[in-house]
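The block underneath contains the structure these notes are about, expressed in structure tokens.
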Amino acid sequence: MGTMAFDGPEWTVDAAMSATPDLELTLPARAENVAVVRHAFGGLAEVLSVDEQTLADIKLAVTEACTNVVIHAYEPDENGSIEVDASIRDRRLKVVIRDRGRGIVPRPDSPGLGLGLPLIATLAESLELGKDAHDNTEVRMTFALDEEGLP
């Protein structure tokens, strides 16, 4: 279903994502806030009448990306944040999960199994990993939405 791409250390800003997002959150990178983000996407999808399977895919992919921030982005004693932007354009939900942590780097001591990003790639129509112009790590996901629920 999805594709996964890494565009190098930096990419240009997508015009659709530079517009004001339809959903924007900045929360402390703590485990309990992953549920807050998931709930916010549930509310957005309800307003848009997104079908149950697509909603399940979106929520799982967003949960995985936010969990990666909580577990991997920051040192244990570091207070960091999860930033979430979501925009709907051309029957697509574009989601960006951003952090100001150490980036996506291999970790031999990783507590995870390394299945999160491949799972997101399977669930999303597209997946891109990289850095924004301010050197923040970004995970960008796109999901196709059916037309009936869109404004």
### Message
Going by amide H atoms built from the backbone, whose H comes under 5 Å of the H on E125, apart from near neighbours?
### Response
T142, F143, A144
### Query
For R89, which sequence-distant residues (separation of 5 or more, or a different chain) have an amide H within less than 5 Å of its own amide H, given hydrogens modelled in the peptide plane?
K94
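Expressed in nm to one decimal, what extension gain is obtained for the pair A31 and R89 from 0.36 nm per residue of sequence separation less their Cα-Cα distance? Show your work: numbers first, answer last.
Values: separation 58, 0.36 × 58 = 20.88 nm, distance 2.98 nm.
Fully extending the segment from A31 to R89 adds 17.9 nm.
Read-outs throughout are calculated quantities, based only on the coordinates presented, and are distinct from any laboratory measurement. Since the model is a prediction, treat every value here as computed from it, not as a measurement.
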